[in-house]
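*Asks:* Input: one structure, supplied below.
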Amino acid sequence: MTKDYYKILGVDKNASREDIKRAYKRLAKKFHPDLNKDPDAAEKFKEINEAAAVLGDDTKRAHYDQYGTAEFPQGFQRGGGFDFRGFDFGSDFDFGDIFDSFFGGGSFGHFGGRRRGPKRGSDIRYDLEVTLEDAVKGTTEHIIVPRMATCPKCGGTGAKSKDAIVTCPVCHGSGRVTRTQRTPFGLFQTTTVCSRCGGTGQYISDPCPVCHGSGRVEEEKRIKVTVPPGVDNGTTLRISGGGEAGERGARPGDLFIVVHVKPHKVFERRDNDLYVEVPISFVTASLGGTIEVPIVGGKAKLKIPAGTQSNTLFKMKGKGVPYLNSSRVGDQFVKVVVHTPTNLNSSQKKALKDLAEKLGTKISPKKSFFDRVIEKFS
């Protein structure tokens, strides 16, 4: 009697590959003999394998849809199927993975998967230290990066000549090796990457004398790095293709520049704003005036109003750090600290005393909260 494979998996005849995969995953986990102790579970599990083997292969599925039967691949004999008893199915086991391994991952019916191509080159990290001035204005740096580069002698092939690249004699160009093992439940096939060619399907009979068959050589590469205005600690710049060369012509990796901004002796940076402390004289604080203050790359004028108190904070708009890849610019904040004169001569001291007498209490500091409390209760 012909089995209804669609009914066994619980899918309709228009089910997609993903529908079949999901159904197999759900049912296989439910009926696996190591997980289900029902006496009928083993037989049900074999039916699920058998159904998935047919519906998972486009050719066999079409034949089954037309004739109601299918020719089963080795290892999936009718009434048999693969038996997984004795395998460790922990809580993190994914039946979707075992499904992909039997049905070729991206395409059904191709046991052993795809041949491995040359591997992409590795990425490289380089730590670059810049000054605050460079971070604000931007700069260009030239760095030396040690890396693996494409061999100039063989062009990355690893072979002395084109004729030295031949088909692997072990896997015959497939990049995979299949082994068949007879078990009490039938024939069991395993497919692994060919150890002779590493899955490439090709073998170098006469290696390049410079790179000895690797296709790559060590070099120290001088690379130009453009640091844009606005970078900060941790800003990462990517140079595409600046990493190590790939295997045998594969694309290279990338170079990632991680920026570190040196601490500054004058300025303190907070995001895109700058802070600086500037001393002013007692006279300027009292009468007002204009002072020069440092900014990144030069100086600027700042107007001080009369009666300015020590530690007053002034904002200079647009004198801070640019925002990265933007037209916006942060601000600079200037904290003025009134400088008390020292080492006064006798005439200077007399002049200050005369001023104090004329101003009376105006020159004295305001009474503190503690002083006012004492006066109230005295």
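Just so you know, all these numbers are worked out from the coordinates, no wet-lab data involved. Since the structure is predicted, the reported quantities are computational estimates derived from the model, not experimental observations. So basically every Cβ, Gly included, is an ideal-geometry build from the backbone, and we count neighbours across all protein chains shown.
*Asks:* Enumerate the amide H contacts of Ile280 below 5 Å, restricted to partners 5 or more residues apart or on another chain; note that Pro and chain-start residues carry no placed amide H.
*Replies:* Here Val337, Val338, His339 satisfy the definition.
*Asks:* Label points 7 Å out from Cα along the Cβ direction at Asp34 and Phe256: separation in nm?
*Replies:* Each label point is offset 7 Å from its Cα along the Cβ direction, giving 3.7 nm.
*Asks:* Would you mind checking the range 142-170 for residues with the amide N under 13 Å from a putative spin-label position 7 Å along Cα→C-beta of Arg196?
*Replies:* 166-170
*Asks:* Sticking with this one: Which cross-chain or sequence-distant (5 or more) residues have an amide H under 5 Å from the amide H of Ala300, H modelled 1.01 Å from N in plane?
*Replies:* Val293, Ile295
*Asks:* Per 0.36 nm of contour for each residue apart, how much would the distance between Asp127 and Thr2 grow if the chain were fully extended, relative to their Cα-Cα spacing?
*Replies:* Gain on stretching Asp127 to Thr2: 38.3 nm.
*Asks:* For the range 124-261, what relative contact order do you get, as a whole percent, if you take Cα pairs closer than 8 Å and at least 6 residues apart?
*Replies:* RCO, the range 124-261: 39 percent.
*Asks:* Would you grab the residues whose amide H sits under 5 Å from the one on Cys194? Only those 5+ places off in sequence or on another chain, please, with H modelled 1.01 Å from N.
*Replies:* Arg176, Val177, Gly199
*Asks:* I'd like the trypsin sites (Lys or Arg not before Pro) in the range 283-360 restricted to DSSP loop residues with at most 14 other Cβ atoms within 10 Å, sorted by number.
*Replies:* Lys317, Arg328
*Asks:* Spin-label point model (7 Å from Cα, Cβ direction): what's the Ile143 to Val283 distance in nm?
*Replies:* Once both label points are built, they end up 5.2 nm from each other.
*Asks:* Restricting to DSSP loop positions (anything but H, G, I, E, B) with no more than 14 other Cβ atoms inside 10 Å of their own Cβ, which trypsin sites (Lys or Arg not before Pro) remain in the range 1-36?
*Replies:* Lys13
*Asks:* Sticking with this one: So for the range 124-261, what percent of the C-alpha to C-alpha distances run longer than 23 Å?
*Replies:* Percent of Cα pairs beyond 23 Å in the range 124-261: 55.
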